[in-house]
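The values are calculated or read from the model by the stated rules, or taken from the named source; none is laboratory data. Note that the structure is predicted; figures quoted are calculated from it, not measured. Every residue, glycine among them, receives a Cβ derived from its backbone with ideal geometry; neighbour counts consider all protein chains shown.
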Amino acid sequence: MTESTPSLTTAPAGTAAPVVVAIDGPAGSGKSSVSKAAAGRLGYGFLDTGAAYRALAWHALEHGADTSDATAVLEVFGDFDYAISLDPADRWVRVGGVDVTAEIREPRVTDAVSGVARVGAVRHAVNELFRRLVASASLTGVVVEGRDITTVVFPDAPVRILLTAAPEVRAARRSAELTDQDAAKVAAALHKRDAADSTVVDFLTAAEGVEVVDSTHLDFEQTVDAVLSVVDSTMGARDGR
Ligand code: DC
C-alpha cells in the first residue's frame, strides 16, 4: 500500500495531536452522516474509515481480483494508493489519483467490501494509516467513524461512542437512502453484511468506557445533539469543567 497526502495540511512539529472522537456502530445506525455533521459543528475533521475499505474493494474489482480470496486481496493491496479528504464539507476519496468518491457507493462495491475488510493483514495496515492520517493533520480534532474504531484503532481516544439503532430501524433508513432499490432486498443485504462483518469485529456491544447512543427513537438532528452532548460532557470531565 502507498498513501497520498490527505487534503488537509500536515501538522508542524510541536503541534498537539488532534483530539479524537471515535464513533463505532453497525450499518444504518446513521454513523456516517451523524459523524460528519458532528465534525462540522465541532469544527473538527472527519475520517470515514469505511471509505478506505470501499476504495480497496473498488481497486480489487478494477483488477478483476476475487474479493472473497484473501491472497488475491493482499496481492492488489500492494499497489493500493489511497488518499482521502478529512474536510467534512469537501469529501473525496482517490485511488491512484482517480476520484472514486461516487463509485465506492455502488452496490457492486458494497457487495465486495466485507471480503476485503475481513483480511487481517489489510486491517492492520489500514488501521496504521488511519492513526498516521489523524496524527499528522493540523486540526483541533477529528471525528473518526467506523467499525472497531473505539476498540482497536483508537482505544485511548478521549471520546468513544457506539451509535446503535434497532435492526428494523436501520434497514428502513438504509432503504430510504437507496430509493432506487427494493426495500426487502436492502434489508436482506444489510442483515447479510451485519452477519459477515460481525464475524470480524463485534460492533454491537460497547466496550468498557464506550458511551452508547441509541438512535432508534431519535431523528437525525436529535442524534447529532446526543453525540455532541457526549463529546461535551466527556471533554468537560476531562478538562475539569
Ligand atoms: O461504513 P461503510 O458501510 O462504508 O463500511 C464499509 C465496509 O467496511 C463494511 O463492510 C464495514 C467495513 N469496515 C470495517 O470493517 N472497519 C472499519 N473501520 C470501517 C468499515
Answer yes or no: is there a residue in the range 47-59 that is touching a residue at least 40 places away in the same chain (Cβ under 8 Å), within 22 Å of ALA196 (Cα to Cα) and of a type in the set (Asp, Glu).
yes
Checked pairs for the range 108-129, first within 20 Å of LEU47 (Cβ to Cβ) and in contact (Cβ under 8 Å) with a residue 24 or more places away in the chain, second more than 10 Å from the ligand (Cβ to nearest atom) and of a type in the set (Asp, Glu), C-beta under 8 Å and 6 or more apart or across chains, list as VAL109/GLU103; LEU129/GLU3
Give ALA121, ALA102 a once-over and let me know the one that is exposed (fewer than 14 other Cβ atoms within 10 Å of the Cβ), in contact with a helix residue (DSSP H, G or I) (Cβ under 7 Å, 6 or more places away or on another chain), on the phi < 0 side of the Ramachandran plot and at pLDDT 95 or above.
ALA121
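State which residue is nearest to GLY30 (Cα to Cα) when the search covers only the range 151-179 and only residues that are of a type in the set (Val, Ile, Thr) and surrounded by fewer than 19 Cβ atoms within 10 Å (Cβ to Cβ).
Only one residue tops the list, namely VAL169.
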Looking at the range 102-152, which of its residues are near the ligand (Cβ under 9 Å from one of its atoms) and either of a type in the set (S, T, N, Q) or not in a helix (DSSP H, G or I) (or both)?
THR110, SER114, ARG118, ASN127, VAL144, GLU145, GLY146, ARG147, ASP148
Of the criteria (1) under 27 Å from HIS59 (Cα atoms); (2) at pLDDT below 85; (3) exposed (fewer than 15 other Cβ atoms within 10 Å of the Cβ); (4) not aromatic (Phe, Trp, Tyr), which one LEU190 fails
(3)
